[in-house]
Amino acid sequence: MTKGVKPGFCLCYLQPIHAGRVFMSDRTYYVTTPIYYPSDKLHIGHAYTTVAADCIARYRRMRGDDVFFLTGSDEHGQKIERKARENGIDPQSYVDPIVRSFQELWKRLLITNDDFIRTTEPRHEKAVQVLFQKLYDKGDIYKSFYEGKYCTPCEAFWPERQLVDGNCPDCGRPVEHVKEESYFFRLSKYQDRLLDYIEENPDFIQPASRRHEMVNFIKSGLDDLSVSRTTFQWGVPVPFAPGHVVYVWFDALVNYLTALGWQEGDQRFEHYWPHTVHLMAKDIVRFHAVIWPAILMAAEIPLPRTVFGHGWLLLEGGKMSKSKGNVVDPLVLLDRYGVDAVRYYLLRELPYGGDSYYSEDDLVDKINADLANDLGNLISRTLGMVQKYQDCVVPEAGVPHGPDSDLINCARQVKDELEQQLDRLDFSNALAAIWKLVRRANRYVDETAPWNLVKDAGKKERLQTVLYNLSETVRMLSVWCSPFMPVFPGRVFEQFGIAGRLDLQSWESTAQWGLLPAGLQVEAGPGVFPRIQPEDEQEPPRPTKPQITIDDFARVDLRVALVKSVEKVKGADRLLKLELDLGSETRTVVAGIAEHYVPDALVGKRVIVVANLAPVKLRGIVSSGMILAASDGDRLGVLTVEREIPPGALIK
């Protein structure tokens, strides 16, 4: 149904959305994607929508909801007929292998759809004809002649006033002048009723920017819509008019009813409809927010609850388009980076209702920074320390102490925020919420320093508490990531010995801290997210410096300094201001480490400072010295002194 444009999906709820959030009085969800147009293979923009639909379907199932998930293919229209003719085959033979490629892509992306609808199936043809006949019998479809502009790639009719420089306002390509006998749907009849409905239900079209666009479009005037064609034959025949086929957009939209057996009086229709929210790319919102509800009004079928238009993944050359050839093949990315990484990137990159630019460099950066460095490193460190310090057994937690409560409270807050964002279909900010706990847990490791605790027999209980808290954090993160990335959580559950414990993998299990049983046998394995090294890049050699003498080294005054206070430098994202106790004096030092440390994490630590470095002014602050740190790629660690050496002690 995308006609070369971005796809979307539909998700059902029972009550209107309030303040951007959907509230339910029932647990029934009808989740669909728009059915995709098989003019060619799908690109990463289509993959985004189906992955988003799958994510919400998985999430709702985990919440115990009754979910039905549909996707499919929109196979009729003049564009398909022409392409088939160009290839010397019939339209069905042309679309069949392309549709199989859709199904293969969804399989590779681990899409959990319950049905796959094809508009060439008899069940769909029947539904379209039944609905068409119903509107004709009511008098809302009538015969006349159409003369005007038509965009074949978009399969859309356009009044002259809506053309942009004489071209299609959606895709920018030339339109054709068409004159033919046609049946028309009385779209204009429903203009005022549709405006009233949108005004009475302000959350029917989301986000608000899309609602404003649609209201303005409707107020500009709705013309009756041509809903049949006679210049080609690849379509659903009009039941009462030989030689006419149903307009492809009318045909395609009916799929949402077809799959529920509306035409057969199936109980599934009564069960799942109209508990529906349509979510699609912004350039097909008009079809779903104007034409579709008017058809439903005419047929006396309840309207879906919400139409949500998401943005596009853009390339530097603009919007991806199969006809332009500027597309990214998701199968190539899956082969190269794996399904979890691709799904994560798609769902994290596209902001709520907005556009984003795709580049493979950004994809690799996201994998390395978010998945390998942040989440993957946390999982590996946790499993590794349980294996090394506790003989592969998850310890029992003691009384919370120090940063323990902050970590636990962070988990509770993240769960609430995550659910709120998923309820409003904001996948990017839902993942951002999860990563708040990922980053907090990594700081927790640095704050508690288990490698130091293990050296003191008197701190055994404290070590066990820290390792338990980290293990429970990893369990919760794995549960919450499951709708987004369905592969790695299973590996984590196996390594923690809870692969068969579905009760510990449920969404409900994350409502209470501390359900992970002590005594589990841990078996650490390979990292779940290895760092990506592009094939055309080799690790550059470590830079070397000229040899120096002991006298050269003696010229550098290295001292132990106790960090008394730390604060961010206003207007500088990378800078922290540290007050250091050097024993005989207090120094102010500005360090570019704000991306790696929160201020409180450094207070009380003994760091190493170059005490005789010439002072410099940074952002209006005089910095008298430099603290030492080690770095490796994106990671950075401030050098600290292990023992309680007094401030001001000489490093030698």
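When the alpha carbon coordinates of region 9-327 are projected onto the principal axes, the ranges are 52, 44, 44 Å, largest first. Which aspartates and glutamates have a Cα less than 13 Å from the Cα of LYS219, not counting those fewer than 8 places away in the same chain? Those aspartates and glutamates meeting the cut-off are ASP192, ASP196, GLU199.
For ASP557 and LYS388, a Förster radius of 45 Å and the Cβ-Cβ distance give a FRET efficiency of 0.75, rounded to the nearest 0.05.
Taking the number of Cβ atoms within 10 Å of each Cβ as an exposure proxy, the fewest-first ranking of SER144, SER73, SER509 is SER144, SER509, SER73. Bridges between two residues of the chain, per DSSP, are antiparallel at a rate of about 75%. Rounded to the nearest 500, the 222 nm mean residue ellipticity of the chain from helices alone is -11000 deg cm²/dmol, with -39,500 (n - 2.57) taken per DSSP H run of at least 4 residues. Across region 116-123, rounded Karplus estimates of 3J(HN,Hα) from the backbone phi angles (6.51 cos²θ - 1.76 cosθ + 1.60, θ = phi - 60°) give 10, 9, 10, 6, 8, 6, x, 4 Hz, Gly and Pro being marked x.
Given the choices (1) 0.99; (2) 1.17; (3) 1.12, Cα Rg over 2.2 N^0.38 Å derived from the coordinates of this structure is entry (2).
Among the listed pairs LYS388/LYS570; LYS83/LYS126; LYS388/LYS436; LYS436/LYS652, a Cα-Cα separation exceeding 32 Å is found for LYS388/LYS570; LYS436/LYS652. For ILE117, the residues whose amide H sits under 5 Å from its own are THR71, GLY72, SER73, ignoring neighbours fewer than 5 places away on the same chain, with H placed 1.01 Å from N. Can you work out the PRE-style zone for LYS455? Point 7 Å along Cα to Cβ, and I want the residues of region 602-645 with backbone N under 14 Å. Under 14 Å, as judged by backbone N against the label point of LYS455, lie 606, 640-645 of region 602-645. If the chain linking ARG531 and GLU181 were pulled fully straight, counting 0.36 nm for each residue of separation and taking away their Cα-Cα distance, it would gain 119.9 nm.
Here the 3J(HN,Hα) profile of region 184-193, calculated from phi with Karplus coefficients 6.51, -1.76 and 1.60 at θ = phi - 60°, is 10, 9, 6, 5, 4, 4, 9, 4, 5, 5 Hz, Gly and Pro shown as x. Ignoring aspartates and glutamates fewer than eight residues from LYS366 along the same chain, the ones with Cα atoms less than 18 angstrom from its Cα are ASP335, ASP340, GLU349, ASP355, ASP374, GLU535, GLU537, GLU595, ASP632, ASP634. Taken one residue at a time, the phi angles of region 376-393 give Karplus couplings (6.51, -1.76, 1.60, θ = phi - 60°) of x, 5, 4, 5, 5, 5, 5, 4, x, 6, 4, 5, 7, 9, 10, 6, 6, 10 Hz. Gly and Pro are set to x.
In what order do PHE240, PHE427, PHE232, PHE145 fall by count of nearby beta-carbon atoms within 10 Å, going from fewest to most? Intermediate results must be reported in sequence, preceding the final value.
Numbers: PHE240 14, PHE427 26, PHE232 17, PHE145 10.
With the sparsest Cβ surroundings first, the list reads PHE145, PHE240, PHE232, PHE427.
If you plug the beta carbon distance of LEU636 and ARG491 into 1/(1 + (r/R0)^6) with R0 = 22 Å, you get a FRET efficiency near 0.20. Calculated FRET efficiency, ALA511 to LEU110, Cβ-Cβ distance, R0 = 30 Å: about 0.70 to the nearest 0.05.
For SER565, the residues whose amide H sits under 5 Å from its own are GLU579, ignoring neighbours fewer than 5 places away on the same chain, with H placed 1.01 Å from N. Once backbone amide H atoms are built at 1.01 Å from N, SER182 has SER144, PHE145, TYR146 as its partners under 5 Å, excluding neighbours fewer than 5 places away on the same chain. For the chain, the relative contact order works out to 12 percent when only alpha carbon pairs closer than 8 Å and six or more residues apart are counted. Cβ-to-Cβ counts within 10 Å put LEU453, LEU279 in ascending order as LEU453, LEU279, the fewest first.
Read the figures in this text as sums done on the coordinates, not as results from a lab. Everything quoted here is computed from the prediction, not taken from an experiment. We place every Cβ from the backbone using ideal geometry, glycine too, and count neighbours over all the protein chains shown.
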